[in-house]
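Heads up: the structure comes next, in structure tokens.
The values are calculated or read from the model by the stated rules, or taken from the named source; none is laboratory data. Predicted, not measured: the structure shown is a model, and the values here were computed from it. As a convention, Cβ positions derive from the backbone with ideal geometry for all residues, glycine included, and neighbour counts pool all protein chains shown. Please note that ligands, DNA and RNA were not included when accessible areas were found on the heavy atoms of the full protein model with its side chains. Shrake-Rupley method; radii C 1.70, N 1.55, O 1.52, S 1.80 Å.
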Amino acid sequence: MTSGQPGTGNARPTPTGADAESRPATTAAAGAPTQPARTSDKSPAETTAGQSPAGDGGATGAAPNGYREADPAPSGPAKKSAARRGGKKGTAAKQGTAAKQGTAEGGTATSDSAPKDSTPAKDSGTVDGAAKDGIPVGGPTKDGEPAKDAKAGDADGKDKADGEAKPVGPERWEAFASAPEPRPSIFTRAGRAVGRFLIHEWTLATLGALALAVLMTWPTLRYPRYTLPQDYWDPSLQSWQMAWSGHILLTDPARLWQSNTFFPELWSFAFSDTLLGYAPAGMLGSGPEDAVLRYNIMFVLAHALATLGAYALARQLGAGRIGAAVAGVSYTYAPWLLAQAGHLHVLSNGGIPLAFAMLARGHGWSLRHGYQPERRHDGWVYAGWLVAAWQLSLGFGIGLPFAYFLAGAVLVTAVLFFARRLRTGQAVPFGRRLFAADVLGGVLFAGVGLLMAFPFFKVTERHPYAERTIGDISLFSPPASGFVTAPAESRIWGGLHEGARAALPWHPEMTLLPGFVLYALAAGGLLFSVWRLRHRLLLLAGVLVTMAFAMGTRFFDGTFTYVPLFDHLPGWSGLRTPGRLMLWTTLLLALLAAGAVTALTDRVRELTAQRIPSWPGPWLRMATLLPLLLVTVEGLNTTPHPVVPTQPAAMRSAEGPLLVLPSNQSLDQHVMLWSTSGFPDVVNGGSGFTPRQLDDVRRVSQSFPDQTSVDYLRTLGVRTVVLLRGQVAGTPWEINIDAPVESLGISRQEVGDAVVYRL
């Protein structure tokens, strides 16, 4: 009997009164021949057919409230077959229950000598220990006690009992029932969801990338409002760029490209890469100190995003966690990038691998597993194109090669897709939704590129001398020795490579060492890797080709590499530093290294699983972290963090348009940063090129204050001139700064450490 055993639920009470009397029953008169049961009635053997035997601990048709219900009774031959099957199950149930303990356990005693074709149970009896239509488990009872003449069948499982059934309360078996699992509260469910989120791989990867960025760029965040990494010239310019884009988009978006610097030039915001993608950050705070703080925060976040992006790409292509971590760290903290610490637009490259990872995931493709149509997802495709467009908005110095590389990847993928279709004669699954996502995403990416390119083309039209020449490219083209030379900011190799740097014409852009550890891991990846051989060879070819392009005109004068791009690709002539293409070489080397480290970790996992005893296992697993540790150590830096020059008090209240003297490329970048207090129009400005009008202003103002310079500045619309006493040593203003000006029709006022002239 299954009733009463733990875990089976409470017994169902026997209906009484009219409900009990209304149920059909088959009765047999004393001495009368046995009559077959009607089809509406069920014998125990009939009911147990298709249910679990008592020895299995339960039956199959459990109702939601814990009651058991019998299956419909078979008829005819099927009924006899069910009876025979029920007999076998009854035997199994009999082995788990003592026949003489019926009264002690609250059930009926069974008899092994009962005939196989015994009389059907009175009032439908019991169903193999399960209640039928409300009759309690254990058979009919009389006055709460088992009937004296009750008999149980052996093989057929038929029961025979006399007397009227009495109700049995469900509380009789509550002690044996399993307690229902309590429903968790909303706070419990929320806590579990937060816990799952905190231990998710991508949460840990993001937090790890952020923590590593803070440590590897330290002390950037030690005094984030007063210091800048590497130097305070280009970082001051880029601090102003973020501040201007955020300010003007909130106040007057139509003036975005007509910045407050280089007055009265037009399209002045496009004189250099704009970092426009960081405009949301520029909307927070105001003034020079907030601009410096904003720059330092984005400097750290750029490193974190690059690590996370390369990690995501390696994982999507099929690398393991440790291998992907090696790829992320080696891509972000390659020694050659330490020389670019003052160029945030170069360090802001994390969108490149992240966009590729999202696009590959959306298309269901990985390097290790190939094309998997069932893993396609158009949402990731949209996200990938959005990230790619955002990366392009940060500047064309890195974004333009990325755009051409992405266009080439789309073209090659389309050709391979249709070639496979022609070769196999079968339509390769792709889908309209995925195609629509690619079309819309590609249009968005191209639209952002055109909108960003239009102001730069206007600048080129107005200032044709701003375009680069092959001669300019040659000045910044690194020799082959640059690939094994580290910059001075490298803590490990900087001092050792001092002599090699001295032999380079312009070492800040020619020290291109991606890391000796990365070289070694990538070389090992050619021989031992999870990537297929053809993929390894393609990655190697990509490394060699990008190195050749990074050499500019040093590789066979660039005749077969850089020069064709310079002559035929729109916008390529604006790139003056071929060495920055080393970014692509580093990424490909990182993917080769990720394949090797993943193969190593997989092999270690197999060895630790096979070893008996397995005590060396933890040490072997820790050894797989050695490549990650080595690439991290090789990325340590000694980047200086100089204090930013303090904003002169005169700049806080001066009315524009104004000119700050002395004026040159370096000092004007400070003036741009100081102008973030109110953004008055200033003649000063620093960028990748110098407009001729600014050259004229600097030349004429050498004699300021005199009538010629005053008249010229008035013609331009300048109303205020600020002369900085701390910067006039060794300049013509050292003598003229205290000269009387009453005859010139201008006023002179001492404000702090500056002299303010109002024209």
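Do we have any residue at all in the stretch 288-300 that's within 24 Å of residue 384 (Cα to Cα), under 15 Å from the mean Cα position of the chain (by Cα) and crowded, with 23+ Cβ neighbours inside 10 Å? Please lay out each step first, then the result.
Step one: filter the stretch 288-300 for residues within 24 Å of residue 384 (Cα to Cα), giving 298-300.
Right, trim to under 15 Å from the mean Cα position of the chain (by Cα) and you get none.
No, the stretch 288-300 contains no residue that is within 24 Å of residue 384 (Cα to Cα), under 15 Å from the mean Cα position of the chain (by Cα) and crowded, with 23+ Cβ neighbours inside 10 Å.
For residue 658, all conditions in the list (1) surrounded by fewer than 17 Cβ atoms within 10 Å (Cβ to Cβ); (2) touching a Pro at 6+ places or on another chain (Cβ under 7 Å) hold save one; what is the number of the exception?
For residue 658, the exception is condition (1).
Among the numbered criteria (1) aromatic (Phe, Trp, Tyr); (2) within 19 Å of residue 578 (Cα to Cα); (3) at pLDDT 95 or above, which single criterion is violated by residue 476?
(3)
Any residue in the stretch 716-728 that is closer than 19 Å to residue 645 by Cβ, of a type in the set (A, V, I, L, M), part of a loop (DSSP other than H, G, I, E, B) and open to solvent by 40 Å² or more (accessible area, probe 1.4 Å)?
No, the stretch 716-728 has no match at all.
Would you confirm, using the coordinates I've provided, whether residue 306 is without any contact (Cβ under 8 Å) to a residue 60 or more places away in the chain and not in a loop (DSSP other than H, G, I, E, B)? Can you show your working first?
Values: without any contact (Cβ under 8 Å) to a residue 60 or more places away in the chain: yes; not in a loop (DSSP other than H, G, I, E, B): yes.
For residue 306, the condition - without any contact (Cβ under 8 Å) to a residue 60 or more places away in the chain and not in a loop (DSSP other than H, G, I, E, B) - is met.
Looking at 195, 208, which one is under 26 Å from residue 316 (Cα atoms), at pLDDT 95 or above, open to solvent by less than 50 Å² (accessible area, probe 1.4 Å) and not polar (S, T, N, Q)? Reasoning before the result, please.
On the way: 195 fails: at pLDDT 95 or above.
The conditions single out 208.
Is one or more of the residues making up the stretch 335-348 touching a residue at least 60 places away in the same chain (Cβ under 8 Å), surrounded by fewer than 24 Cβ atoms within 10 Å (Cβ to Cβ) and assigned to a loop (DSSP other than H, G, I, E, B)?
Yes, some residue in the stretch 335-348 is touching a residue at least 60 places away in the same chain (Cβ under 8 Å), surrounded by fewer than 24 Cβ atoms within 10 Å (Cβ to Cβ) and assigned to a loop (DSSP other than H, G, I, E, B).
Among 230, 241, 258, which is surrounded by fewer than 22 Cβ atoms within 10 Å (Cβ to Cβ), within 29 Å of residue 717 (Cα to Cα) and not small (Gly, Ala, Ser)?
On the way: 230 fails: within 29 Å of residue 717 (Cα to Cα); 241 fails: surrounded by fewer than 22 Cβ atoms within 10 Å (Cβ to Cβ).
So the residue among 230, 241, 258 that is surrounded by fewer than 22 Cβ atoms within 10 Å (Cβ to Cβ), within 29 Å of residue 717 (Cα to Cα) and not small (Gly, Ala, Ser) is 258.
Pick out the one residue from 481, 477 that is in a helix (DSSP H, G or I) and among the hydroxyl-bearing types (Ser, Thr, Tyr). Don't jump to the end; show me each part of the working.
Details: 477 fails: in a helix (DSSP H, G or I).
Just one listed residue meets the conditions, 481.
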